[in-house]
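Please read the structure below before turning to the comments.
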Amino acid sequence: MMKRLQLDSDARRGLSQISLPLAFSVLLLAAPLAILLAMSFWTQDFLTLDRTFTLANFKEAWTSPVYRTLMLRSLKISIIVTVLTVGLAYPAAYYMSFVAPNNRKALLVFLITIPFWTSYLMRIFLWKVILGFNGVVNGSLMGLGIIDAPLDWISYNQFAVVITLSHAWLPFAVLPIFVVMEKVNRSYLEAAQDLGDTPFQRFLRITLPLSMPGVVAATLIVFIPTIGDYVTPRLVGGPDGLMIANMIEIQFKNANNAPLGAALALSALVLVSSVAGIYVWLNRRYLQSEGAA
Amino acid sequence: MLKTLKRTTTAIAVAAMPSLAAAQELIVLDWSGYEDPGFIGAYIEAHGGTPNYSFFGEEEEAFQKLRAGFEVDVAHPCSQSVSKWQLAGLIEPLDTSRIDRWDDVNEVKESFAIDGEYYMLPTDWGTTSLVYRTDLVDASKMDSLQVFLDPEYAGRVSLPNNVDDIYALAFLATGVTDWTEATQEQFEAASAWLRQAHPNVVTYWADGAELAQLMTTGEASVAWAWNETPTTLIGEGVPVAINREATEGSSTWFCGYVNVVDGPNSEDLMYDFLNAWMEPASAEYIVNEWGYGHGNQTAVAALGAETLDGVGLGPVSAPVLAQAPLDNQMREQMIVEFENIKAGF
């Protein structure tokens, strides 16, 4: 009797602790997703929703060349941005963790956050100014006599989208890698050196596998939001830089086709999860082969 | 502690909802920029201040906001939205007997009558036409809309990211001057024309400020633009010219105020607001300061031909495609097709 009561109070405490976040996620995440899912099987004729079940939206989302192109373009841009940011973030995090003196680390972390002091929209406009026709890059190159006419290929295209996104997401990639590197036991490094590893071998066998969880976190943190980015392609993308999120917005707003928008959004979700899933799986295999997981 | 918290949150909530705090203040859902007190001098004089404004960047945004239950008294869409908003049950007819200068209102008002009832008071209009940088392109070639297809201007063309203005251009360029009569074949020809123009486009401009920037730097040297932009640029000394008399013509658009269903405030305020807009002083202000036309055609005519020509609103000898309300099905088709073209298909 006593025991059951205790268990109940435990359970109650557990439930009371979990209930608020649970209600929050059910209300704000699960419910909208369920609505989105339901909507993707309906159709819309101008302003009226037809609630008959159909797969037509998914068929259109996956067979129409426009949506396929936009989907693949988003995937491509997002992968390039991820590779760039994580590639640049890794050495930065490495420096912060292994090279910089301990009393400087806090300062470096602080410096990394500087881009966040300005709103993201402001940073996009800054890139417009930098990459613009009479912008900083073109102005400087022309002033130095390297080029005669402004470069066209640096603004209003996919290149500009990649640059803007990479700059914005770099801090998000540095921090998780840095945190994981901080936890790498330094005595392993000494042991590897004592056993005759060159610094490069030591890096490959100790530092890289042990910092991999940070790289995975950084990759996912950058990859998942960038594939669905909406404002960057809209502002710096020009005609060939539009991404799938722009099309989803158009379907919900201008085109009065919320069901197709829902199907596109869910398709993008599936695409992101499968690419992320494959990546995590590959990474786990790598860590297993290194004996680190 | 809890009490203080409650009080603070209540205060914040009240501050965040001016509509509740000031129940007798008109709420206007408008394009950003239209809060200019010069448009409604008489209202400000009568009520001691401007109404409350809430802004939108494009009509579809306003439409979705209203559909989601946002409560306003009066909103400012353009010609294409009237029938859509009416079908969605968002707006109700205007009582024209309460608009003092109804007889002076531009005859375009008839386009916004549905079943004999008037749904929009046309207040402001402008033109969309060929605009170019006189120092960067050969002015003698700027007499036809086909310049948009000329490979010489590849990457130097900017077209509007606005389905009405862009199809006005495409229809004109393919020889249609009244789009309400356009057939499916003509629509397809217009779309094909846009598809041909697409590779030349550096970017589709979203608003006048963006285009002004593109044209000032020279990144765009040829554009299809609202007359407000070149008017402003010329004022700033940028070498820009408007050609409303290109062989194929130019276009005009109209916007105005609609009476939103179940507005939270008294309709008296709304009619005061609409009457203030129709004052000749407002007409003079918008023409001179904004380069836009005004819905009070008597007042606009009174400004004289010289003023109107100066801001690009005078009569022209080339064809004019008025952006009159379209059949909703045709417009839906235009929206989808324009998105395909922008995506490169």
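Counting only DSSP beta bridges with both residues in the protein assembly as shown, what percent are antiparallel, rounded to the nearest 5? The partial results should precede the final answer.
Numbers: 30 of 46 bridges.
Rounded to the nearest five, the antiparallel share is 65 percent.
Can you return the aspartates and glutamates within cross-link range of B:LYS84? Criterion is Cα-Cα under 16 Å, with same-chain partners fewer than 8 residues away left out.
A:ASP45, B:GLU58, B:GLU59, B:GLU60, B:GLU61, B:GLU92, B:ASP115, B:GLU117, B:ASP164, B:ASP327, B:GLU332
Give the share of C-alpha pairs in each 10 angstrom bin for chain A, from 0 to the last occupied bin, in whole percents, shortest bins first.
Values per bin, smallest distances first: 6, 19, 24, 24, 18, 8, 2, 0, 0.
Once you order the gyration tensor axes a ≥ b ≥ c over the Cα atoms, which shape class does segment B:147-288 get: rounded for a/c under 1.5, otherwise prolate or oblate by comparing a/b with b/c? The partial results should precede the final answer.
Numbers: a/c = 2.35, a/b = 1.48, b/c = 1.59.
Oblate shape, in that a/c is at least 1.5 and b/c is the bigger or equal ratio.
Restricting things to alpha carbons, find the Rg to Rh ratio for the protein assembly as shown using the Kirkwood radius for Rh. Before the final figure, lay out each step's value.
Numbers: Rg = 29.3 Å, Rh = 28.4 Å.
Rounded to two decimals, Rg/Rh equals 1.03.
If packing is taken as the average number of other Cβ atoms within 10 Å across a peptide's residues, how do A:198-204, A:165-171 rank, most packed first? Don't skip to the answer; put the middle values down first.
On the way: A:198-204: 13.1, A:165-171: 21.6.
Descending packing order for the listed peptides: A:165-171, A:198-204.
Which value results when the Cα radius of gyration for segment A:1-102 is divided by 2.2 N^0.38 Å?
On the way: Rg = 24.7 Å, N = 102, 2.2 N^0.38 = 12.8 Å.
Computed over Cα atoms of segment A:1-102, the ratio equals 1.94.
In the structure shown, do any of A:LYS253/B:LYS342; B:LYS65/B:LYS342; B:LYS109/B:LYS141 have a Cα-Cα gap over 28 Å, and if so which? Could you put the intermediate results ahead of the total?
Values: A:LYS253/B:LYS342 16 Å; B:LYS65/B:LYS342 26 Å; B:LYS109/B:LYS141 37 Å.
Violating the 28 Å limit, Cα to Cα: B:LYS109/B:LYS141.
In whole angstrom, how far apart do the alpha carbon centroids of segment B:185-206 and segment A:94-143 sit?
First find each Cα centre; the distance between them is then 38 Å.
Which net charge results when you count Lys and Arg as +1 and Asp and Glu as -1 among the other residues whose beta-carbon is under 13 Å from that of B:PRO280?
Working: positive: B:ARG101; negative: B:ASP100, B:ASP104, B:GLU279, B:GLU284.
After counting each charged neighbour, the total is -3.
Using a 10 Å cut-off around each Cβ of peptide B:78-90, what is the average number of partner chain Cβ atoms that fall inside? Write down the numbers at each step before the final one.
Working: counts 0, 0, 0, 0, 0, 0, 3, 0, 0, 3, 4, 1, 0.
Neighbouring Cβ atoms belonging to other protein chains average 1 per residue here.
Please average, across the residues of A:244-255, the number of beta carbons from any other chain that are within 10 Å of each residue's own beta carbon, and give a whole number. Mind showing how you got there, number by number?
Values: counts 0, 0, 3, 4, 0, 1, 7, 3, 2, 7, 14, 7.
The shielding value for this peptide is 4.
Sum up the charges of everything whose Cβ sits under 15 Å from the Cβ of B:ALA324, counting Lys and Arg as +1 and Asp and Glu as -1, but leave B:ALA324 out.
Numbers: positive: B:LYS84, B:LYS109, B:ARG331; negative: B:GLU107, B:GLU110, B:ASP164, B:ASP165, B:ASP178, B:GLU181, B:ASP327.
It works out to a net charge of -4.
Which FRET efficiency value, to the nearest 0.05, is calculated for B:ALA192 and B:SER144 with the Förster distance at 22 angstrom and r the Cβ-Cβ distance? Could the numbers behind the result be given before it?
Numbers: r = 18 Å, r/R0 = 0.80.
With a Förster radius of 22 Å, E is 0.80.
Would you tell me the mean number of C-beta atoms belonging to other protein chains that fall within 10 Å of each C-beta in B:198-205, as a whole number? Display every interim value, and only then the final one.
Working: counts 2, 2, 1, 4, 7, 9, 4, 0.
Mean shielding count: 4.
With a point put 7 Å past each Cα toward its Cβ, work out how far A:ASN185 is from A:TYR230 in nm, to one decimal.
Label at A:ASN185, label at A:TYR230, 4.8 nm between them.
Find, among the chymotrypsin sites (Phe, Trp or Tyr not before Pro) in segment A:21-102, those assigned to loop by DSSP (not H, G, I, E, B) with at most 12 other beta-carbon atoms within 10 angstrom. Working shown, then result.
Details: sites: A:PHE24, A:PHE41, A:TRP42, A:PHE46, A:PHE53, A:PHE58, A:TRP62, A:TYR67, A:TYR94, A:TYR95, A:PHE98; in loops: A:PHE41, A:TRP42, A:PHE46, A:PHE53.
Passing sites in segment A:21-102 are A:PHE53.
What does the extension gain come out to for B:ALA281 and B:THR134, with contour length at 0.36 nm per residue minus their alpha carbon separation? Don't jump to the answer; show the numbers that get you there.
Numbers: separation 147, 0.36 × 147 = 52.92 nm, distance 3.41 nm.
Extending this stretch completely gives an extra 49.5 nm.
So if each residue of separation counts as 0.36 nm, and I subtract the Cα-Cα distance between B:GLN184 and B:ASN288, what length gain in nm does that give?
Details: separation 104, 0.36 × 104 = 37.44 nm, distance 4.02 nm.
So the chain would gain 33.4 nm between B:GLN184 and B:ASN288.
Subtract the Cα-Cα distance of A:LEU144 and A:VAL109 from 0.36 nm times their separation in residues, and report this length gain in nm to one decimal. Walk me through the numbers on the way to the answer.
Working: separation 35, 0.36 × 35 = 12.60 nm, distance 3.53 nm.
Between A:LEU144 and A:VAL109, full extension yields an extra 9.1 nm.
Provide the FRET efficiency to the nearest 0.05 for the A:LEU220-B:ALA318 pair, computing r from the beta carbons and using R0 = 51 Å. Walk me through the numbers on the way to the answer.
Values: r = 57 Å, r/R0 = 1.12.
That gives a FRET efficiency of 0.35.
Please state the shape class of segment B:208-345: rounded when a/c is under 1.5, otherwise prolate if a/b exceeds b/c and oblate if not, all from the C-alpha gyration tensor. It would help to have the intermediate numbers written out before the result.
Values: a/c = 1.77, a/b = 1.17, b/c = 1.51.
Here segment B:208-345 falls in the oblate category.
Every read-out reported here was derived from the displayed coordinates using simple, explicitly stated rules and does not represent laboratory data. Worth saying up front: this structure is predicted, and the values here are computed from it rather than measured. When we count neighbours, we look across all protein chains shown, and the Cβ atoms used for this are built from the backbone with ideal geometry, even at glycine.
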